[in-house]
């Protein structure tokens, strides 16, 4: 039952949440979930290679371009709450201070998510240390958010939510273990449209389009359900825990 | 939705399915699932240490005792279809011939299960080679059952079902990775009653009773649901694959 | 230096070598290598789902279709020595007898390969037990082939060759660890043409075409060489061992 | 307390127990342990490369040479009970029949060992499949030996003994995890003398001499005991379990 | 020989050492070991959920309650040297400064322990990042303590001691590998009494009581010693290294 | 083709690069490569145990001795560009500041290496936390160096180079996975001579001399090339990626 679910997505850079979970986000929104996105940085240093190739690019011009693109993409996916925290990146770890930590705990306690999507923690992104730092950071904030003793004025302790990790760019090199395949067929067109907002990154659009197709093959094979065409994949931070075997 | 689900349980020895999945089986039956059990051996050589300590025990007397006990337990759990294939055990591997393989494929195609429960395949039971042999065997049969080219008269190819592995006796020594915790609170009393049928194994009854309590602690912690009291745990042969994140 | 290299490819079923190493084979042949292929089975039971859907299909008709297709594919790749050993499959393990073992050792000693390509051994094909059985089998034959004490009339001991494992169909589920990415750009058209010989398996043609594209992205990223467009990936049975760091 | 300990060593080939545990065996005997050795094969096919290079070598001549050498080595180590079961090797797996299994269970029940030394089971010998087969075989026999239900006339069930695995030839390639380092300083000269019995294998003598030196460095570093000069290393099949932390 | 052994226990929060090593500590003291405990924090933020539920709880009231409870528990276990360093927790990592590092090195060099017990380092506590931070911290301090070049006035370099890791709360989710099972039967009553000092945490008392029972089953099974009733389990930071196989 | 290759070696302490890659460095230089070395610290606190045993040793005297020794060693290996950054060690992590990070990125962009050699990242040095910190640090700098958005005046973005990890001192305890064996026979004498510069560390000279011999055994076995006598071993940060199978 997606209807009524609350989801918080924490993205290290401006486009991560689109490439890796855009289909799931759009599907959840379409089916009545309440989705919130925090974008920690614009990825000016680490994920804007193509923009920097443009004549006269500056940190500011790159940031503006990234912001414009990601806001368009968010609108296409149907996201209504998106925040840009504008942290530095490459490296991002030094920017994840106690203050930013408290800010994220506060956000978690406000959203009170059933589900948090962020970067993978089971493996290790082989080519992007920021992703690893963010994964560990979000995880620690979620733990603290659930603890009665972590007192932040105006907030209330959460109960344990579920966390899932994005599939990284180089899946097999990053020791990523698939935990959940999600059919995104109904949201596929939206995802493709959202990806196309990142004009300078044509090769990634094709890459993630084809990955959705391959994951579609996998989800059909594993589920036996032949109506699934496209899928996204996530790692599970925890085992499933509930009323039945899923 | 448990209602209407079809489940096949394949147990290496006469009591494995009770210790390790008795609560889940009872819960599934109670909620309208259709559960079938295949017991490959009576565990005369490998899992009847206490019965052999009785004066004058013979292979036949041990087998009779095991059969009587497990049938009582099955009745308490509400199982209506249980088969005893009476294979030798310790070691069981040599008995898993092509004929037995075809027999199990046939059974799978008759039951057409949504779910197969059997011994764990992700890790390795550190003290029971039979469990490892059975796990691999059931897995291979399920693969063949799904293949159009495996022609067995009077049967029809199945589509991919889900497989889950029992938690072994020495969890941590057997590299077992929990994939699914299932709340068995409503079926707990039944499981305890079923376990008590194995009179000669009092220490195991206490052991698995306490394990259900510990797993209850874990499922509450992971799910945030405080109404869960007792749980069983399984490994997942495959990632979840479906409409949403569970 | 591909020129003059001798390569032996051992394929469990009729099309495995095409999907998973067709580009590498064609490239090696084009550049002067001497490539030999052994196809252990036609995959009648395990890898011919679509052929069995045809009205009136029999084991013989399926086998004929598979053979015709794979011979066409082999011709397109430029393979001149291909043998069909026509073993049963699904399961194949029981067919890998001491006689077949001796036959393969003899073949290895005749070809005297620098390189053996076969199914992956580092991980475990999560959905195809035949692939795992063949991998272990080929590995053991290679070890015996290198041993002076394994006396087979008319043959001569080989020295240690290099072994590489095919990327399986469900890479991430099969614990596959990429060891070597090979640029197949110059042989890509040949591979696509060869794949198209397997008419009943259109979905696989698309699947492996897109995988070559994704692997192309990876090889560019890892090597820094932007001229690579398409790639295949293999696991390494052994570390590299030689004159320099590759 | 070595005094009074009973040890059973099961060696796949004629020299394995010398290269990999000769120092530990000699030390145990010297300190009052009761050591029994079973040599499953003479290693005629798999571990006699150098003997086969001799003019006119035959299976019989090689076997004789191996037997003579290993008996001399055993005598130097102080071994009084050594049995040669003369199984074929390369491959050995097919020879490990139910009959051989019963024979080894019987042997275990006769010796009633506190300790079994055999090939490693935690990792996988990357270049010697026989070693892996023997490890699994010995392990299964030990499990059966401990089971009341495994009835073999004239024998009595054992209680759980401890099992340790030999360090393989290519440690790092074989995923070997060191569990126990044993100081063999007092038995080092004996081990070197015993190794020298295998005249045709000079390179191995030097290899295992130097390994004892490197392991000596490791045991000093880990234990802080600077009197240790030479060591052997084993994997642990089980955690330690007893009165204190070792 | 426990008599005369020196042990240092480093606990992240006020009760960790009781739940996870209380039996071993009490047993070691009873048998003549010299045990010292450092409690890094009172766990006010991270491990006092139940105390915060009390009306009018403040950081100070929680801290006082925790301190009183843990001192009672320590007295029951027979601990004579216990220090409270009163660091902040949740997160603790930022508090593990160079000054605290030097303080711990100094402590290690004063105690000169044969054994250090602290949080597990082989796996990763899945729900408590503080535990992971402390494990790494203690490990690094021990390494530095052993190094001649780390000059701290009034102290003297130690030699390599042995380190063991606590079993975490969610063993199986935390990739914990058991290295040592310790029989705590003779100290079990003391441990239960000590746990009962933490009045607000009744569910944990039951949890760790039952875990001691399960570990008792395991230690009997692995050691073959039927007199063991209750046990604690630790990971080994290093292989055993000494005179014999334990 | 070593000729013309550019290599950057980053060594945590003054002698690491000699023990672990001295043969490879000398060989590369001899064959026309351009090799640059950065030594981050003199290892005064962590790797000068023997020097501190000398009467009257001070931090300055130890540093001078280390510097003199390592410069002699570098000269013997033929290194012309070596820099000493004189960071503190034990622990080194706090010294790896953003400024040092920028300094290393600048160095990488100046050298523009095809190959970076540094400490291993796949495993974890079990006894030297500095090595782990440096490995992660160098890796992150290499990633940033390749990113267009990381703007450092006077430098130009690099393209992806290859990274290899040193074999640590306790290979098997450090989860080191060999990726590449390099024949160093032609440079062996130079390596031995260079090692002998570290006069106070006689035991290490013998240790690494014997390790080169053992690795020689391995490289012959794996490559089948009997002319190799001595070797060094490295882990691969990435799979090979190129024109053929190496």
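Bear in mind that the values in this text are calculations on the coordinates, not laboratory data. These figures come from a predicted structure and were not determined experimentally. Heads up, the Cβs are rebuilt from the backbone with ideal geometry, glycines too, and the neighbour counts pull from every protein chain shown.
On average, how much area does the Cα convex hull of region E:76-131 cover when viewed from any direction, in nm²?
Approximately 5.4 nm², given one-decimal rounding.
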Notebook entry, point to check: In cubic angstrom, how much convex hull volume per residue do the alpha carbon atoms of chain F span?
Noted result: 124 Å³
Notebook entry, point to check: Hey, fewest Cβ within 10 Å first, where do C:151, A:109 land in order?
Noted result: C:151, A:109
Note to self: For region C:58-101, report the % of Cα-Cα distances exceeding 15 Å.
What the structure shows: 56 percent
Check: How large, in Å, is region D:66-185 by the Kirkwood hydrodynamic radius built from its alpha-carbon pairs?
Finding: 15.9 Å
Notebook entry, point to check: Along the Cα-to-C-beta direction of residue F:157, a point sits 7 Å from the Cα; which residues of region A:84-111 have their amide N less than 20 Å from that point?
Noted result: A:88-92
Check: Using helices alone, what [θ] at 222 nm do you get for chain E, with -39,500 (n - 2.57) per DSSP H run of 4 or more residues, divided over all residues and rounded to the nearest 500?
Finding: -13000 deg cm²/dmol
Check: If one puts a single equal scatterer on every Cα of region C:175-224 and applies the Debye formula without solvent, what log₁₀ I(q)/I(0) results at q = 0.14, 0.21, 0.24 Å⁻¹?
Finding: -0.41, -0.82, -0.96
Item checked: P(r) of region D:137-246 over all Cα-Cα pairs, binned every 5 Å from zero, in whole percent -> 2, 10, 15, 17, 16, 14, 11, 8, 5, 1, 0
Margin query: What are the extents of the Cα atoms of region C:137-194 along their three principal axes, in Å, largest first?
Written below: 42, 28, 17
Check: Taking the label point as lying 7 angstrom from Cα along the Cα-to-Cβ axis, what are the distances from residue D:53 to the corresponding position in the remaining copies, in ascending order and in nanometres?
Finding: 4.1, 5.6, 5.9, 5.9, 7.5
Next item on the list: Grab every C-alpha pair in region D:203-245, bin the distances at 10 angstrom width from 0 up to the longest one, and report whole percents.
Entry: 26, 36, 31, 7, 0
Check: Taking square-rooted eigenvalues a ≥ b ≥ c of the alpha carbon gyration tensor, is region F:6-88 rounded, prolate or oblate, where a/c under 1.5 means rounded and, failing that, a/b exceeding b/c means prolate?
Finding: prolate
Checklist line | Extension gain, residue C:71 back to residue C:112 (0.36 nm per residue minus Cα-Cα distance, nm) | finding: 12.4 nm
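Assuming R0 = 45 Å, can you tell me the calculated FRET efficiency for the pair residue B:97 and residue F:225, based on Cβ-Cβ distance, to the nearest 0.05?
After rounding to 0.05, the efficiency reads 0.50.
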Note to self: On the principal axes of its Cα set, how long, how wide and how thick is region F:25-72? Give whole Å, largest value first.
What the structure shows: 44, 16, 14
Margin query: 7 Å along Cα→Cβ for the label point: how many nanometres lie between residue A:154 and each equivalent label in the other copies, listed shortest first?
Written below: 4.8, 4.8, 7.3, 8.7, 8.8
Notebook entry, point to check: Cα centroids of region C:112-160 and region F:204-218: how far apart, whole angstrom?
Noted result: 30 Å
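Using only alpha carbon positions, build the gyration tensor of region E:1-143, then give the equivalent ellipsoid semi-axes as the square roots of 5 times its eigenvalues, largest first, whole angstrom. Please report the intermediate quantities before stating the final value.
Numbers: eigenvalues 118, 71, 35 Å².
Semi-axes (√(5λ), whole Å): 24, 19, 13.
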Notebook entry, point to check: Given a cut-off of under 8 Å on Cα pairs at least six residues apart, what relative contact order in percent is computed for chain B?
Noted result: 23 percent
Margin query: With respect to the axis carrying A onto D, what is the closest chain A residue by Cβ position, and how many angstrom separate it from the axis?
Written below: A:175, 8
Notebook entry, point to check: Among bridges DSSP assigns within chain F, what percent are antiparallel (round to 5)?
Noted result: 25 percent
Notebook entry, point to check: Looking at the protein assembly as shown, what % of its DSSP beta bridges pair antiparallel, to the nearest 5?
Noted result: 25 percent
Check: Quick one: label points 7 angstrom along Cα→Cβ at residue C:224, distances to the other copies in nm, smallest first?
Finding: 3.3, 4.7, 4.7, 5.1, 6.0
Notebook entry, point to check: Using 1/(1 + (r/R0)^6) with R0 = 41 angstrom and r between the beta carbons of residue D:64 and residue D:186, what's the FRET efficiency to the nearest 0.05?
Noted result: 0.80
Check: For region B:1-38 and region C:4-27, what is the separation of their Cα centres, given in Å?
Finding: 45 Å
Margin query: On the Cα set of the protein assembly as shown, report Rg and Dmax in Å, please.
Written below: 31.6, 94
